[in-house]
Each structure stands twice: as C-alpha cells, then as structure tokens.
Amino acid sequence: MLSPETILQGRYRIIRQLGQGGMGAVYEALDQRLDTTVALKETLFAEERLRKQFEREARLLARLHHQALPRVSDHFSEGDGQFLVMQYVAGDDLSAMLAERNGPFPQQEVLRWADQLCDALDYLHTQDPEIIHRDIKPQNLKLTARGQIVLLDFTHQRQTAGRAQPRRRSGKRTAGSLTSGQQSRAAGKRSCCRRVE
Ligand SMILES: Nc1ncnc2c1ncn2[C@@H]1O[C@H](COP(=O)(O)OP(=O)(O)O)[C@@H](O)[C@H]1O
Ligand SMILES: [Mg+2]
C-alpha cells in the first residue's frame, strides 16, 4: 500500500487510498504538473504477459471519450505496480448511496441513470474491437454532483473481434453482472437501450 505524500513518476502525489481490490488499490492523487486531482489504479503483476495486457488495455481505454466513462490520461510502471491514471470522479457509488437510504431510489431517477448507462454501453459495444465491460454493478457506478452516472472498473473487460457498426444482439450474451436482457429491462423500452439488446 502506498502512503499519503508518496510521489510517483515525479508527478503524482498520493493523497489517500480510495479502494482495495485483490490485484491492487485505487488512490486519489494530485497531478502536480497539471494541478488536478486524478485517480490512480494500481495493479500488481508478476507476469510479463499480464503487464503487456495491462498496457494494451490502458491504450484502449485512453481512446475512449464518453461522459459516462472516466477519461484515462496516462499509464506507467513503478515498483511492483502498473498504474492507470484516470479522471477523478467525485461523489458516492450507487451501492454506498443505497446503503444510506431507507428505501429504493425514485424510479424516474433510475430511468435517467439507465439511459446514461445504456448510451455508454452502446458506445463501448460499437468500438472496434467491441468492449464488453462484464462487471456492471452498483459498486462500479458513481453519481456526480451534476447527476451524471459514471461507469468505473474495467478490470474484467473483454475485447472481441469487433465490427464497427451497431447491431442487435442475441439475449444470450452477458455484460458483467447484468445480462443484456436485464440491462434492457432496467431501462424499459427506451430507444437508446434497444441498440444494446
Ligand atoms: N476514476 C475514479 N474516480 C474516483 N474513484 C474511483 C475511480 N476509480 C475507482 N474509484 C474508487 O475506487 C474503488 C475501487 O475501484 P475499482 O476500479 O472498482 O476497483 P476494484 O477492482 O478494486 O473493484 C471504488 O470505491 C471506486 O469508487
Ligand atoms: Mg470495482
């Protein structure tokens, strides 16, 4: 674990740890060059093959631009870890928000979040190669102060030999914790979601 004030790459100063997973941790850090807060996702790898895979993923994520996805600006290796530098998304995750409430979220709000999420999935699924997130769950969704849903955690993503054009899917394919059918039902019959069925 990296302690606060640790400086990586002579540029990123660790502020605090945000989370801890099996393969590493996520930190809030200050990018001293640009004077902005970033999130550093650390992954600890022993194998060269996995390091290469991480590098490919970082390059792929850096190409993505969507308001419901964190922007990736850099990646590097230091010590035993590989680091992905991302836009820091302030706010709570939906799991923490749900735990604080006494009841479910208002339906209208959930439908709005589902629309935003489906648009992000449509964007991912129409990349070439196609990107399947495979771990959509409340813990990996954050809500910003402006009411924008952001999908985090591409650890389990898969890239498939993609076709660049959007198309309809069979209901059999799964995308993380939700099947594509569940994703569609979650968002009702809204047009943006029909494209990711
Ligand atoms: N870009 C980010 N901005 C702010 N917090 C983040 C960011 N990425 C991850 N986190 C936080 O770090 C924690 C773990 O991140 P995650 O990517 O889901 O890793 P894990 O693989 O450990 O589940 C979560 O609490 C999440 O909210
Ligand atoms: Mg996660």
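The values are calculated or read from the model by the stated rules, or taken from the named source; none is laboratory data. Note that the structure is a prediction, hence the values are computed from the model and not measured. Positions of Cβ are generated from backbone atoms using ideal geometry, with glycine treated the same way; all protein chains shown enter the neighbour counts.
Side notes on the structure shown:
- Residues considered: Gln148, Gln165. Of these, the only one that is at pLDDT 95 or above and surrounded by fewer than 17 Cβ atoms within 10 Å (Cβ to Cβ) is Gln148.
- Any hit, the stretch 58-65, residues being over 22 Å from the mean Cα position of the chain (by Cα) and either at pLDDT below 90 or more than 16 Å from Phe154 (Cα to Cα) (or both): no
Each row is one residue, and each column tells you yes or no for (1) in contact with a strand residue (DSSP E or B) (Cβ under 9 Å, 6 or more places away or on another chain); (2) in the same structural domain as Pro129 (by TED's automatic domain parsing); (3) touching a residue at least 12 places away in the same chain (Cβ under 8 Å).
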position	(1), (2), (3)
Glu47	no, no, no
Leu61	yes, no, yes
His65	no, no, no
Ala68	yes, no, yes
His75	yes, no, yes
Gly81	yes, no, yes
Gln107	no, yes, no
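- Flag if Gly81 is surrounded by 11 or more Cβ atoms within 10 Å (Cβ to Cβ) and at positive phi: no
- Residues in the stretch 91-110 include none that are assigned to a loop (DSSP other than H, G, I, E, B), under 14 Å from Gln148 (Cβ atoms), more than 16 Å from ligand 2 (Cβ to nearest atom) and under 15 Å from the mean Cα position of the chain (by Cα).
- Taken together, Leu2, Leu60, Leu18 contain a single residue that is assigned to a strand (DSSP E or B) and of a type in the set (A, V, I, L, M, F, W, C), which is Leu18.
- Of the residues making up the stretch 8-26, just one is within 11 Å of ligand 1 (Cβ to nearest atom), over 23 Å from Glu47 (Cβ atoms) and hydrophobic (A, V, I, L, M, F, W, C), namely Leu18.
- As for the stretch 106-128, it holds no residue that is modelled with pLDDT of 95 or more, within 24 Å of Gly21 (Cα to Cα) and surrounded by fewer than 18 Cβ atoms within 10 Å (Cβ to Cβ).
- Leading residue by the ranking (surrounded by the fewest Cβ atoms within 10 Å (Cβ to Cβ)) among those in the stretch 34-48 that are among the aliphatic types (A, V, I, L, M) and modelled with pLDDT of 95 or more: Leu34
- In this entry, Arg101 passes the filter for residues that are farther than 19 Å from Met1 by Cα and assigned by TED's automatic domain parsing to the domain that holds Ile136.
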